Amino acid sequence: MTTTTTTAAANIKKTSTRLWEIDALRGFAIVQMVFYHFVWDLNFFGLYQGNLFVGPWQWFARTIATQFLFVSGIALTLSYQREIQKGETNLFFKYFLRGAKIFGWGLVITLGTYLFIGRGFVIFGILHLIGFSIMMSYPFLRINRWLTLLAGLVMIVIGIAIHSVYVDYPWLIWLGLKQRGVVMVDYYPVLPYAGIALLGIFAGYSLYPNRFRIFSLPDWSANPLIAGLRFLGRHSLLIYLIHQPILIAIFFILGYGSF
């Protein structure tokens, strides 16, 4: 009896432990994002003349977003499996409210960029997309992972197909149909980018069934660099929300802008 109880307790403890590599990957994406936004600020204040909207810089930005979305999908599977292991069954509203909260912060970004930069403000950026992806994730967390993979690939293919499609109205900007004459500094529509989150869900169920790795990985969690990335990953939303105001305030303090 004692041995069985001890084993069960150890298993519960193990399944409740955060997977260090997921937080570290998210933290690594955060570091890249802060660097990219620092370069963007240098460009905005006239200290760097590179074009951030095309070529390598744009691909770098898209790569960062892809990392966030993919890891977000994996994290959703871990979260969902944890809730199921706890006996929770009615999780629709939990994920809807979680996504709505992040989407709401996206609306704050919309307002802030509208007031700060005017033309080019964020209409449907990365926070809008992540929030939407979480809200739509619930059925995909419940169905066969291969159907989730198929749905993700279909969304990506459709998004690529409509990439160059422009319309005269704004109502489908969120979906991926761009309005003529409208530019946005941060734009990640549902098609194709929500498909990447679905690929993350597929990867989560494939690589972490029941929240256990199916592959071996050295335990680097105590490494100072990894520990730092894990800290950033655990606070990614807060860092996303505050890093730009801090960077911009520093530029203003240094005399590169005026109110």
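Values quoted throughout were computed directly from the atomic coordinates according to the rules given, and no laboratory measurement underlies them. Everything quoted here is computed from the prediction, not taken from an experiment. As a convention, Cβ positions derive from the backbone with ideal geometry for all residues, glycine included, and neighbour counts pool all protein chains shown.
Step through the residues of segment 205-210 one at a time and calculate ³J(HN,Hα) from phi using the Karplus curve (6.51 cos²θ - 1.76 cosθ + 1.60, θ = phi - 60°), rounding each to whole Hz and writing x for Gly and Pro.
Rounded to whole hertz, the list is 5, 7, 9, 9, x, 6.
Just check segment 168-259 against the gyration tensor rule for me: Cα atoms, a ≥ b ≥ c as the square roots of the eigenvalues, rounded for a/c under 1.5, and otherwise prolate or oblate depending on whether a/b exceeds b/c.
Numbers: a/c = 4.35, a/b = 1.23, b/c = 3.53.
Since a/c reaches 1.5 but b/c is at least a/b, the shape of segment 168-259 is classed as oblate.
In square nanometres, what is one fourth of the surface area of the convex hull spanned by the alpha carbons of the chain?
16.8 nm²
What is the pair-distance distribution P(r) of segment 90-217, computed from all Cα-Cα distances in 5 Å bins starting at 0, with each bin given as a whole percent?
Bin by bin from 0 Å, the calculated values are 2, 11, 16, 19, 19, 14, 9, 5, 3, 1, 0.
Would you work out the relative contact order for segment 90-217, in percent, from Cα pairs under 8 angstrom that are 6 or more residues apart?
28 percent
Tilt of helix 2-16 relative to the longest C-alpha principal axis of the chain, in degrees (0 to 90, nearest 10)?
The two axes meet at around 10 degrees.
How do Thr63, Thr113, Thr89 line up, fewest other C-beta atoms within 10 Å first? Don't skip to the end; give the middle numbers.
On the way: Thr63 12, Thr113 19, Thr89 6.
In increasing order of surrounding Cβ atoms, one gets Thr89, Thr63, Thr113.
Could you derive backbone 3J(HN,Hα) for segment 211-219 from the dihedral phi with the Karplus parameters 6.51, -1.76 and 1.60 (θ = phi - 60°), listing whole Hz in sequence and x where the residue is Gly or Pro?
6, 10, 5, 9, 10, 8, 8, x, 7
For Arg62, Arg98, what's the fewest-to-most ordering of other Cβ within 10 Å of each Cβ?
Values: Arg62 12, Arg98 17.
Ascending Cβ contact count within 10 Å gives the list Arg62, Arg98.
When only C-alpha pairs under 8 Å and at least 6 residues apart count, what is the relative contact order of the chain, in percent? Display every interim value, and only then the final one.
Numbers: 317 pairs, mean separation 77.6, N = 259.
Reported relative contact order: 30 percent.
What is segment 11-92's relative contact order, in percent, from Cα pairs under 8 angstrom and six or more apart in sequence? Before the final figure, lay out the partial values.
On the way: 24 pairs, mean separation 30.7, N = 82.
Result for segment 11-92 is 37 percent.
Taking H placed 1.01 Å from N in the peptide plane, check which residues at least 5 places from Val167 or on another chain put their amide H under 5 Å from its amide H.
Residues meeting the amide H criterion: Lys178, Gln179, Arg180.
Determine ³J(HN,Hα), in whole Hz, for all residues of segment 83-96 in sequence, where each value follows from phi through the Karplus function 6.51 cos²θ - 1.76 cosθ + 1.60 and θ = phi - 60°; x replaces Gly and Pro.
5, 5, 5, 7, x, 6, 10, 9, 10, 4, 5, 4, 6, 5
Could you put Ile226, Ile74, Ile242, Ile102 in order, starting from the residue whose Cβ has the fewest other Cβ atoms within 10 Å?
Working: Ile226 18, Ile74 25, Ile242 11, Ile102 21.
Going from least to most buried by this count: Ile242, Ile226, Ile102, Ile74.
Check Gly120: other-chain or 5+ apart residues with amide H under 5 Å from its amide H, H built from backbone geometry?
Under 5 Å from the amide H of Gly120: Val183.
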